[in-house]
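The values are calculated or read from the model by the stated rules, or taken from the named source; none is laboratory data. Computed from a predicted model, the values in this text were never measured in an experiment. When we count neighbours, we look across all protein chains shown, and the Cβ atoms used for this are built from the backbone with ideal geometry, even at glycine. When the accessible area is computed, the model is the full protein with side chains, heavy atoms only, and any ligands, DNA or RNA have been set aside. Shrake-Rupley method; radii C 1.70, N 1.55, O 1.52, S 1.80 Å.
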Amino acid sequence: MWTKATIEDLLFGTPDELLFREADRVRQEVCGDEVHLRGILEFSNHCWKNCLYCGLRRDNRSLQRYRMLPEEIVALAAKAAGDGMRTIVLQSGEDPWYTKDRVTAIIRGIKKKAGCALTLSLGERRERELREWKEAGADRYLLKHETANPKLFGSLCPGTTLEKRLGCLRLLKSLGYQVGSGILAGLPGQKPEDFVDDLMLLAFLDVDMVGIGPFIPHPETPLGHDPVGDSRNVLRLIAVARIILREVHIPATTALGTVEREGREKGLRVGANVVMANLTPLRFRKRYAIYPSRICAQESAEWCPECLKQRITNLGRKVSRDYGHSLKGERHAA
Ligand code: SAH
Ligand code: SF4
């Protein structure tokens, strides 16, 4: 078991080269050379929440909002799965238009048409919704804790608390979801010691997936003038997460690829084993503006997976044909 002191030592006292080499070694030992490609469909940019860092926040009136119809979501997900995508991630703002029954119908529709794993990333939702969606066939849920500093979390996420978010994560686990959480790194006011707490929290939560991305200021938010999160710090956090958490899936995030040239490749070399292919129809992609200048907003949805496959092969790694379920044993059937 890792102690606070050993995590501090890794995070603050180990030179890049040593840290990155060890993380890559652990990744190779635990995950092998396979990289999981997950197809993400960002089906709505409506959000009733008002997180200070996010371009989809309710108070951003300059954003043209969209919602995809359930039939279109099912058809696109089924098409991607038919083309070989083993995991489909459905993500949106917290949008109450997608009621319990609508989401259930979408999950059932996808599961009936396609043999893929299904991940939801719909924010904090009610227990009865999460329970029904699991029963309908959803396999996984992504909900980042963003920062383990309760004061900072509270000031950046009006309408919720860190306690509530952690309760939601525990609930998801008890319902049988494979659970992903993670860190938004470089938030204004975040301190280096907060990252130690972030990593300890992720270990304590016993998560199956860990997403770590840099904060990127969006001009239409209250944090629009704050500096962008440091990509080297993100790479170091990914590396330490791999070393201490071991059996977890770690994406090389699109946000990392946005702030740093070849950022996703760098992430894959220091512990990451997952990349996300954007399946959102081109007409909506730019409008899913969580942060500005997102990479892959120009390409067509068909092209995105192909480009990523090429990048994975160029690194000498293999695209997995597996569902990429939790690495923590057999508790999750396909
Ligand atoms: N509404 C859902 C899913 C969409 S937001 C939710 O909040 O969980 C998905 C992720 O985008 C968040 O977890 C957050 O970490 C990230 N994000 C939001 N604003 C960002 C920004 N300005 N820079 C980088 N990542 C951001
Ligand atoms: Fe909404 Fe998620 Fe953005 Fe918060 S981070 S404003 S919940 S989309």
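May I ask you to list the aspartates and glutamates whose Cα is less than 18 Å away from that of Lys151, ignoring any residue fewer than eight positions away on the same chain?
Within the straight-line cut-off, Lys151 pairs with Glu163, Glu193, Asp194, Asp197, Asp198.
Might you list the cysteines of the chain that have no disulfide-compatible partner by the rule of another cysteine's Cβ under 4.7 Å?
Lone cysteines by the Cβ rule: Cys31, Cys47, Cys116, Cys157, Cys168, Cys296, Cys304, Cys307.
Taking a temperature of 25 °C and a viscosity of 0.890 mPa s, what whole-number D in µm²/s does Stokes-Einstein yield for segment 215-330 with Rh from Kirkwood over alpha carbon pairs?
Estimated diffusion coefficient is 158 µm²/s.
Summarise the long-distance tail of P(r) for the chain by giving the % of C-alpha pairs beyond 33 Å.
19
Distance check, please: which entries in Lys79/Lys328; Lys111/Lys286; Lys286/Lys318; Lys164/Lys191; Lys4/Lys144; Lys112/Lys134 exceed 24 angstrom between their Cα atoms?
Exceeds cut-off: Lys79/Lys328; Lys111/Lys286; Lys286/Lys318.
So which residue, out of Lys111, Lys191, Lys286, gets the largest mean-square fluctuation from a GNM of the chain using Cα contacts under 10 Å as springs?
Sorting by GNM fluctuation, first place goes to Lys191.
Compute the separation of the alpha-carbon centres of segment 92-124 and segment 201-239 and state it in Å as a whole number.
Here the two parts' Cα centres lie 26 Å apart.
Grab the Cα-Cα distance for Leu69 and Asp16, subtract it from 0.36 nm times how many residues apart they are, and report the gain in nm with one decimal.
Net length gain for the segment: 14.5 nm.
Counting only protein heavy atoms, what percent of the accessible surface of the chain is carbon or sulfur at a 1.4 Å probe?
52
Can you tell me the length gained on complete extension of the stretch Arg261 to Lys113, counting 0.36 nm per residue apart and subtracting the Cα distance?
Length difference between fully extended and current span is 49.5 nm.
Determine the per residue accessible area of the chain with all protein chains present and a 1.4 angstrom probe, expressed in square angstrom.
43
Tell me, what is the FRET efficiency for Glu8 and Val30 to the nearest 0.05, using R0 = 30 angstrom and their Cβ-Cβ distance as r?
Once rounded, the FRET efficiency stands at 0.85.
At q = 0.11, 0.18, 0.20, 0.22 Å⁻¹, what is the base-10 log of I(q)/I(0) for segment 99-167 according to the Debye formula with one equal point scatterer per Cα and no solvent? Please give it to two decimals.
Treating every Cα as an identical point scatterer, log10 I(q)/I(0) equals -0.34, -0.72, -0.81, -0.90.
Once fully extended, how much extra length lies between Asp206 and Gln310, figured as 0.36 nm per residue of separation less the alpha-carbon to alpha-carbon distance?
Length gained between Asp206 and Gln310: 34.2 nm.
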